[in-house]
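Asks: Dropping a structure here in structure tokens format, bear with me for questions.
Please treat every number below as a calculation from the coordinates, not as lab data. Bear in mind that the values here come from a model prediction, so they are computed numbers and not experimental data. Please note: Cβ atoms are built from the backbone with ideal geometry, for glycine as well, and neighbour counts cover all protein chains shown.
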Amino acid sequence: MATAQGVKMLMLVDDEPAQQRMVSAIAARDGWRTIFAADPETALAQLGTQDGMALDAVVIDNWGAEDEIELFVREFRVARPSLPMLVMTGGTMTEEAIAAMRAGASDIFHKPASPVRLIAALSALTEQKRHRGELRPLFEKFAADLDFDAMIGTSSAYRSALAIAAKAARARVPLMIEGEPGSGKLQLAKAIHTSSSRARGPFVTVDCASLEPALIGSCLFGHESGAFAGAFNRQDGKLLAADGGTLYIDHIELLPDDQQRMLFEAVETGRFSPLGGKQLIEVDTRIVTATSIDLAATAGAGGFREDLYYKLATVQLKVPPLRERDGDIGPLCRHFLGRFARLPNMPSLGLSEDALNLLRAYHWPGNVRQLEGVLFRAAVTCNSDAITLADLPNVQAATIVAPTKGAASQPSDGVGITLYAGDGNLRPLSEIEADVIRLAIGHYRGRMSEVARRLGIGRSTLYRKLSDLGIDTAA
């Protein structure tokens, strides 16, 4: 949202006063007001301020090491998932810029920052809000419609979930999918829609985690003009947009209490009123919800309406995490590499046996989505006809390898941390410390503030250790 009519809010993350003055002066010509942050800590802290809440875009000058930029982009993307981010870089497409794009940056801007080019880049960022998805990673743009035949997996728990989903696809009743982030809940919901009698209707998604709580109701149900401050025009909601099709609501546990009541009535009666409206709208919309928590326990403890939970979970299925499906790693790799090969200027690649064994040994905290991202990055940088261990340095560094035969049988007092080398001697302290940090980053899913807190160090100290130890968390 803009701070005033015609004024857009920009945050520039840069510690050079001259660059701050130049960028803010250029941006002001196109109606931007600029606030500044000299480092990641300051930038993240400003998100909670009045100006930070009004941001329309963020520009990050290409400072620091590759892993520091990438970690900052990832953490910023977690805090504000839909906020456009532009990374400024000198010269050609550097490894830092590529890493930033993979971490979630919206676009790259090559310096020097001429007025015309910078204003055009900022305008493109604001266009992203009207054309969502155009700046998604390339491999996501080419995702085809899925049916159950395209769902890859042979583990008993996964096939059981697919069997329930296939049977439920023919019904109209609500369905709830439970699973860790990245485990494939959205893909399963798309397969349910594609295999149902509603396949010709729209498939509409709402991610409650990407919306401010106060905006979720308007997004779902729409609103009338004047329904709340800033509601200048009438707007239809996603529930109506999905009429005749399927509405997929992710992170349903984040739905505010008053919207829970409205959703219950909509599911119960098939009718709802937009915010600020009195007229009932009747829709034929199939509701599929998803959650990454034990919502039954949350509802039982009073953290979610029980009547709504039981209504939404008329059919319930659970998608197992990838670490419990190691037999599916090979088929998934072949599927993703085959799909990547159909993208422009992408080679057809195989996967070496050593690389496949490494991928099977990794714990995959980000599940199938992380595997897809890791393979895509490896495919982009691979210089041969097959992905090898050399193309997976981050996975290799983060994967605990069993001691070689003959190694001293000594206890390890760290879960997944090897204290002894193959010759029976203790490993260097720096290597053990690096393993501990990698394990913490994976365990807390890249939330660096939580990693620093749990390790008992400051964020700046954590970033310094990441640089000193050469840790890259892109995998």
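Asks: Any idea how far apart residue 432 and residue 381 come out in nm if each label point goes 7 Å out from Cα toward Cβ?
Replies: 2.9 nm
Asks: What pairs in 185/465; 8/465; 238/318 have C-alpha atoms more than 28 Å from each other?
Replies: Those over the limit are 185/465; 8/465.
Asks: Counting pairs of Cα atoms in segment 148-320, how many percent are more than 22 Å apart?
Replies: Counting every Cα pair in segment 148-320, those more than 22 Å apart make up 42 percent.
Asks: Please arrange 88, 22 by how many other C-beta atoms lie within 10 Å of their C-beta, fewest to most.
Replies: Fewest-to-most ranking of 88, 22: 22, 88.
Asks: Give the order of 437, 119 when sorted by the count of other beta carbons within 10 angstrom, beginning with the fewest.
Replies: Ranked by crowding around the Cβ, least crowded first: 119, 437.
Asks: Another one. Mind jotting down a quarter of the surface of the convex hull over the alpha carbons of segment 227-367, in square nanometres, one decimal?
Replies: With every direction weighted equally, the projected area is 13.3 nm².
Asks: Hey, another quick one. Starting from segment 151-228, pick out the trypsin sites (Lys or Arg not before Pro) whose DSSP state is loop and whose Cβ has at most 12 other Cβ atoms within 10 Å.
Replies: Hits after loop and neighbour filter: 170, 200.
Asks: Can you pull out the trypsin sites (Lys or Arg not before Pro) in segment 273-305 that DSSP calls coil and that have at most 10 other Cβ atoms within 10 Å?
Replies: On the way: sites: 278, 286, 305; in loops: 278, 305.
Filter output for segment 273-305: 278.
Asks: Based only on other Cβ atoms within 10 Å, what is the fewest-to-most ordering of 44, 455, 308, 343? Could you put the intermediate results ahead of the total?
Replies: Values: 44 21, 455 17, 308 24, 343 14.
Result, fewest neighbours first: 343, 455, 44, 308.
Asks: Also: Taking all pairs of distinct Cα atoms, average 1/r, flip it, and tell me the Kirkwood hydrodynamic radius of segment 332-373 in Å to one decimal place.
Replies: Working: mean 1/r = 0.0892 Å⁻¹.
Kirkwood radius, segment 332-373: 11.2 Å.
Asks: Distance between Cα centroids, segment 295-325 to segment 208-286: provide it in whole Å.
Replies: Segment 295-325 and segment 208-286 have Cα centres spaced 21 Å from each other.
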